[in-house]
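Novice: Submitted below is the structure of interest, expressed as structure tokens.
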Amino acid sequence: MEPCCTVLYSAILCYTLHYTLYCIMLMFCSSFDPPVCFYPVEQLPSITDQSPASLIALPFEESFPVKCEATGNPEPEFKWTKNGQDFDPFLDPRLLTQEDSGTFVIPNNGNLTEFQGVYRCYAANKLGTAMSEKIEFIVPNVPKFPKEKIEPIEVEEGQPVILECNPPKGIPPLQIYWMTIGLQHIEQDERVSVGLNGNLYFSNAVQTDSRRDYCCFAAFPRIRTIVQKTAMSVIVSSTNSILERKPSLLLPSGDRTNKHLVKGEELLLECIGEGFPTPQMEWVKLGQKLPERAVVENHGKLLTIENVNEEDEGKYMCKAINAHGEAVHYFHVTVEEPPEWEVEPKSQLNMIGANVVIECSASGRPTPTVGWRVNGRPLSGTTVYISHSPTACYHIYIYIAIYFRSNIYLRPLILTENGVQYSVVEGKAVMMHCRVFSSPLSAITWSKVDSASAVEGPRFSVYKNGSLEIHSVEREDEGEYSCFTENTEGKSAISAVLEVKGEAEESLMISPNAHFLFLEDYEIIWEKDGDLKLKIKLILVSLCRFLISALFSVDSALALLTVLDVPDAPEDVVLAERRDRTVKLKWIPGDDHNSTTTEFIVEFEESQWKPGSWRELMRVPGNHHSALLKLHGHVDYSFRVSGVNEVGRGRSSGASERYRTPASAPDKNPENIKIEGHLPHEMDINWEPLPPMEHNGPGLEYKVSYRRQGSEEDWQEHMVKRHSFVVKNTPTFVPYEVKIQARNHAGWAPEPKTVVAYSGEDCDCPPDGISDVLLIFPLLFFIKFSILFYFLFSVPDQAAVFRATDIQKHTVTLTWSPPAEPNGFLTGYILQYQLINNTEEVGPLESVNITGADTTKWLLQDLEPVSRYRFYLQSCTRAGCGPAASEESTTVPEAHLASIHGGISNQGWFIGLMCAVALLTLIVLIACFVNRNKGGKYSVKEKEDLHPDVESQGMNDDTFCEYSDNDEKPLKGSQPSLTGDMKDRDSGDSMVDYGDEDVHFNEDGSFIGEYGGRKERVSTEIKATNQSTA
């Protein structure tokens, strides 16, 4: 009895039963042997916790737990596999494990690559086995762009450009940036944008897009890594005129795309157009408005909807529009919903004999299949009913637990029928289906029967749901295809047949009770209410009955047929807001027949010049139902409108009421004026007349005005009604200014433009009897042509002045004046310079192309300091560039001081001050010089007056050599030569003899030396006189 009571007491405590039952059970159980009153409930294993499907070993983490926890009764045992092979974490001492747990920890010890792989956990007891999802342990490598040499991309201005990024694979998320080498972001707008694939798209290239440092940067935030691709170069060549063109789509390709999403995911639709002018992007949802949650980003090129649901399902269209047309792409969006419990089954605790009801229902898109299994055996229905009859006491309470296995193992089941035949027109896209249900998920591949490898290439897309889409189908794509799917539980496959038809087979005429052969075994009959023939071009909503007549049986089905057609004619075309030469035209669009109207064409007919002929006036977008028309004057108009959609142009509406505009002055003057000189002394003026519609009123005539170019003469004016006029008695080959202005009874056209042309040349056919003229005319023509050739095809002279000014440490300003003989119209200059320091080698010759003909100054920068440069300047005309003028200059060492000096030296007050100082200095020097000269002469004169007889005494006593004076001591050294010379000669020239001696000036600047010379000369003359007298 004690064991039975102990068991009962434990059971009562566990399940918190009433105390009264305890007594009854205690008394009742004493008669049983063995005393068993309660059995523990056995449970299948169930995974309660596991690691995510991708476990990334980030380098900055210390360890990486691989989790697997489970419950069950008995306690489950854990088992692991790695890459499909048995793996026991308890046998590896590097791993950290725990008893009674399947979780193990991989420490970050630097050898993580050994543990990289796909793991799966199994928890098993005697009742069964639970399996976790696959857990992939990823040791990321540092992603790198491949080293490659990328050739420059050369493109003409206005053409589209695509720079591909092709980022390396790495741990998501991936972020793409386009920048320059200097880390400046490439500016994005309607013309330039980055796609979801990371490529950089230019709708049309312009000159400023030319650069050599387009860099794609790929950022991987989870591993904190940014990698850079080799810089790419784009060269945009200029063109005289950019050819405008209608848009096309750079992304995506083809005409339609299928998008399959699961409820709650984010919808991303992208369209990038090209064309010139840059197209604008528009988004519409066919048949409905765009959802309020829809957001248009990236300058209209990206449509996003977060947390999609079934309401977002449908057909979307993007349009690239400019003035020359549009391009469209369709997106078919399908939203699927994973299964969700509507009535979730719950575990229950019931008494023996009670009726148990377990309900289970789920919803989803597509509708899920609900089934029951008990101990591995399937049960039918969605609700379980359990009835228990009364049994022994030890069955008083029974705990009924329901377990749901999240891991069901099923071999792939292909839901799509085998042998389906698909037909497609060559050049279009086709979708072949292969819907698969399996657990775990299976891999799906498509291949052509006659090929061993899977289909691949940019034209083939295999989607997650198994469907294969072939873009731009070719004749070679025709044949039989196989869809192969495989998972751990098995394999499965189906085949599909693709038939490719020519373009002529795109339109099919179907009439009632029409018969078609189908795989040689079937007849297909389409029946539709009424006997109207259908032209099936794309897809119109109409319910048709589809009959398949086999050889021995007949089956039928209802199909939803969608047929597109051109728009119906607009209705209620009326005129509103009439204002002289403008009127607003309004209309009500006709049925677009399931293809959105893209534009309306407005046509007019007038009753005067071309009655009954309809001509196009303008086009307006398809979402506009009115247009403001600008009209010509004095015209009786009528209008009609027609719609255009993807199928084509619809029927035109009925004509509107007539509207006659009032007369007005002409809007423009004649164009294409031609002036020719067929005869000497004449000038023929012709022009293109205004079209009748542009007369704007009655009485059109033209005023022809002309005069010699450059003269002050008055304009000669003549009124004519034809479109030509001859001016006579003109000088030979003289330039004239001519202008032509239109006028009608309502007034004058705007002021015309002036054109310049030459009058006629002399005749080269002389009259009879004047043979000399035969030589004169060619000679005159040759002279005129030579002069014209010289001015048109001669190069200019060099610049009249070319010098370097404002010389700094790193810069030099060069100034020049135009050549004296330009020999034509200057188009610019070529400036060249090179380093010519005192070395044998000179620096490279750098060139600057100066396009401004009026430019006379240029600042050269980034020069070397304290370096000598030589500069060359050539003047250019259309005939070429003339000889170069050259100049040399040396940059200064200190830019700051040089700039200060240069700045002050150019000031007028500073120049005046320096001139005044120089003048005052010169005056002071002259005064000092004069004063010193006067002082020397007066001192000598005074000495002569004080000693008048000394010289005479010396001469008379022949004591010339003893003559001495403190002031004359410098002459003493020259006395012997003088005496000797005088003895040898009868007469001597003292100026010649002493002209080379440097004794003319004393230290004080006086002319004492000169006086001393004169005194010696006088003494010599006296001596000679005495000798001759003796």
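Novice: Mind giving me the nanometre distance, one decimal, between the label points for Gln228 and Lys668, set 7 Å out from Cα along Cα→Cβ?
Specialist: 5.3 nm
Novice: Further question: Rounded to the nearest 10 Å², what accessible area does Leu919 have for a 1.4 Å probe in the complete protein model?
Specialist: Estimated to the nearest 10 Å², Leu919 gives 100 Å².
Novice: DSSP loop chymotrypsin sites (Phe, Trp or Tyr not before Pro) in the range 683-718 with at most 16 other Cβ atoms within 10 Å of their Cβ, which ones?
Specialist: Trp715
Novice: Using a 1.4 angstrom probe on the protein heavy atoms only, could you order Glu456, Glu310, Glu69 from most to least accessible area?
Specialist: Ranked from most to least accessible, the order is Glu456, Glu310, Glu69.
Novice: Then there's this: Between Leu286 and Asn465, what length comes free when the chain is fully extended (0.36 nm per residue of separation minus the Cα-Cα distance, one decimal in nm)?
Specialist: 62.0 nm
Novice: Could you work out how much longer the chain between Lys315 and Arg293 gets when fully extended? Use 0.36 nm per residue separation minus the Cα distance between them, nm to one decimal.
Specialist: 6.3 nm
Novice: Compute the FRET efficiency between Ser63 and Phe145 as 1/(1 + (r/R0)^6), taking r as their Cβ-Cβ distance and R0 = 35 Å, and round to the nearest 0.05.
Specialist: Details: r = 32 Å, r/R0 = 0.91.
Computed FRET efficiency for Ser63 and Phe145: 0.65.
Novice: In whole percent, how big is the carbon plus sulfur part of the accessible area of the range 115-201, probe 1.4 Å, protein atoms only?
Specialist: Exposed carbon and sulfur together represent 49 percent of the surface.
Novice: Taking K and R as +1 and D and E as -1, what net charge do the other residues with C-beta under 15 Å from the C-beta of Glu616 add up to?
Specialist: Neighbour charge sum, excluding Glu616 itself: +2.
Novice: Specify the inter-centroid distance of the range 654-706 and the range 600-634, based on alpha-carbon positions, in whole Å.
Specialist: Between the Cα centres of the range 654-706 and the range 600-634 lies a distance of 22 Å.
Novice: Let's test the formula: R0 of 56 Å, r as the Cβ-Cβ distance of Asn109 and Val866. What FRET efficiency results, to the nearest 0.05?
Specialist: Once the sixth-power term is evaluated, E becomes 0.35.
Novice: Using a 1.4 Å probe and counting only protein heavy atoms, arrange Asp862, Asp636 so the residue with the most accessible area comes first.
Specialist: Largest accessible area first, the list is Asp862, Asp636.
Novice: May I ask you to list the residues of the range 190-214 whose amide nitrogen lies under 18 Å from a point 7 Å from Cα along the Cα→beta-carbon direction of His324?
Specialist: 191-192, 202-207
Novice: I'd like the accessible area for Cys271, computed on protein heavy atoms only with a 1.4 Å probe and all protein chains in place. Round to 10 Å², please.
Specialist: The accessible area comes out at roughly 0 Å².
Novice: Let me ask something else. Taking amide H positions as placed in the peptide plane 1.01 Å from N, state which residues far from Asp49 in sequence (5 or more) or on other chains have amide H under 5 Å from it.
Specialist: Amide H neighbours of Asp49, under 5 Å, 5+ apart: Glu69.
Novice: Another one. Could you give the nm distance between label points at Gln421 and Lys491, where each point is 7 Å from its Cα heading toward the beta carbon?
Specialist: Calculated label separation equals 2.9 nm.
Novice: By accessible area of protein heavy atoms, probe 1.4 Å, what ranking do Tyr119, Tyr872 get, highest first?
Specialist: Solvent-accessible surface, decreasing: Tyr872, Tyr119.
Novice: If you don't mind, another one. Set the bar at 31 Å for Cα to Cα. Now go through Lys144/Lys448; Lys169/Lys501; Lys67/Lys263; Lys753/Lys857; Lys246/Lys586 and name every pair that lies beyond it. Don't jump to the answer; show the numbers that get you there.
Specialist: Values: Lys144/Lys448 35 Å; Lys169/Lys501 40 Å; Lys67/Lys263 29 Å; Lys753/Lys857 34 Å; Lys246/Lys586 27 Å.
As for pairs spanning more than 31 Å Cα to Cα, those are Lys144/Lys448; Lys169/Lys501; Lys753/Lys857.
Novice: Going by a ≥ b ≥ c, the root eigenvalues of the Cα gyration tensor, does the range 838-889 fall in the rounded group (a/c under 1.5), the prolate group (a/b larger than b/c) or the oblate group?
Specialist: Prolate shape, in that a/c is at least 1.5 and a/b is the bigger ratio.
Novice: Can you pull the accessible area of His681 for me, 1.4 Å probe, Å² to the nearest 10?
Specialist: 90 Å²
Novice: If you put +1 on each Lys and Arg Cβ and -1 on each Asp and Glu Cβ, how big is the dipole of the range 124-277 around its Cα centre, in Debye rounded to 20?
Specialist: So the magnitude is around 880 debye.
Novice: Fully extended, how many nm does the chain gain between Ile153 and Gln188 (0.36 nm per residue separation, minus their Cα-Cα distance)?
Specialist: Net length gain for the segment: 10.7 nm.
The values are calculated or read from the model by the stated rules, or taken from the named source; none is laboratory data. Keep in mind that this is a model prediction, so the values were computed, not measured. Positions of Cβ are backbone-derived with ideal geometry, glycine not excepted, and every protein chain shown enters the neighbour counts. These area figures cover heavy atoms from the full protein model, side chains too; ligands, DNA and RNA do not enter into them. Shrake-Rupley method; radii C 1.70, N 1.55, O 1.52, S 1.80 Å.
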